[in-house]
1. Quick one: how many residues across segment 48-68 are on the phi < 0 side of the Ramachandran plot and surrounded by fewer than 17 Cβ atoms within 10 Å (Cβ to Cβ)?
2. Mind checking which pairs have a first residue in segment 87-111 that is farther than 17 Å from residue 145 by Cβ and a second that is within 15 Å of the ligand (Cβ to nearest atom) and part of a helix (DSSP H, G or I), Cβ under 7 Å, 6 or more apart or different chains?
3. Report the residue count in segment 85-119 for those that are assigned to a helix (DSSP H, G or I) and within 15 Å of the ligand (Cβ to nearest atom).
4. Select from segment 122-165 the residues that are at pLDDT 95 or above, part of a helix (DSSP H, G or I), surrounded by 17 or more Cβ atoms within 10 Å (Cβ to Cβ) and touching a strand residue (DSSP E or B) at 6+ places or on another chain (Cβ under 8 Å) and list them in ascending order.
5. Within segment 120-145, count every residue that is on the phi > 0 side of the Ramachandran plot and away from the ligand (no atom under 11 Å from the Cβ).
6. Is there a residue being part of a loop (DSSP other than H, G, I, E, B) and within 16 Å of the ligand (Cβ to nearest atom) anywhere in segment 62-76?
Ligand SMILES: Cc1cc2nc3c(=O)[nH]c(=O)nc-3n(C[C@H](O)[C@H](O)[C@H](O)COP(=O)(O)O)c2cc1C
């Protein structure tokens, strides 16, 4: 997205959202840079960290996220090699879902978000992948899930705590 209102910043962003000035009109989105597409040899390729939102849709990732992944993952450029530009990069995925697919739950085998993205990012990029999983998010709005509301609230609280801890760890690592 291009926007004149986007804040200008001189600091090192975790993910580069700014469009570089030298990009020709119509060139691909800056998220290409986040995943290390080697377009600008004078700039360091790859992101310091990558944050992905992956709500569960029909047991897997949304089609929009899949479409984006299919555009930005390029084997031989940023993927498929152990020493690619994102090797060792911390990836954090927020994988929210209306139900629960935790080990031991009836739908455990229907989980195709974490299982998929872990293999994709670790396997294709050599990234370090962490998940934050707010689950049972539909419990407060579905009468048939009323008894699960306390578990949903606990999951939400844990997700916020996980996010705060990971953000702090990451900031400390990037500043070091
Ligand atoms: C099209 C669609 C499909 C969904 N499919 C599932 C599903 O298969 N399993 C599930 O647990 N929740 C499912 N949900 C619920 C979402 O995962 C849940 O509302 C989640 O919290 C949405 O993410 P957000 O809170 O980050 O917006 C679905 C929601 C939508 C809109």
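1. Within segment 48-68, the subset on the phi < 0 side of the Ramachandran plot is 48-57, 60-68.
Checking the rest, the ones that are also surrounded by fewer than 17 Cβ atoms within 10 Å (Cβ to Cβ) come to 48, 53, 55, 57, 62-64, 66-68.
Residues flagged as on the phi < 0 side of the Ramachandran plot and surrounded by fewer than 17 Cβ atoms within 10 Å (Cβ to Cβ) within segment 48-68 amount to 10.
2. Matching pairs, first to second residue: 93/117; 95/114.
3. Step one: of segment 85-119, the residues assigned to a helix (DSSP H, G or I) are 108-110, 114-119.
From what is left, the residues that are within 15 Å of the ligand (Cβ to nearest atom) are 108-110, 114-117.
Summing the residues that are assigned to a helix (DSSP H, G or I) and within 15 Å of the ligand (Cβ to nearest atom) in segment 85-119 gives 7.
4. Matches in segment 122-165: 159, 162.
5. Quick first cut of segment 120-145, residues on the phi > 0 side of the Ramachandran plot only: 126, 136.
Narrowing further to those that are away from the ligand (no atom under 11 Å from the Cβ): 126.
Total satisfying the criteria: 1.
6. From segment 62-76, those part of a loop (DSSP other than H, G, I, E, B) are 62, 73-74, 76; that's our starting set.
With the extra rule that they be within 16 Å of the ligand (Cβ to nearest atom), the set shrinks to 62.
Among the residues of segment 62-76, at least one is part of a loop (DSSP other than H, G, I, E, B) and within 16 Å of the ligand (Cβ to nearest atom), which makes the answer yes.
The values are calculated or read from the model by the stated rules, or taken from the named source; none is laboratory data. These numbers come from a predicted model, not from an experiment. No Cβ is skipped: glycine too gets one built from the backbone with ideal geometry, and neighbour counts run over all protein chains shown.
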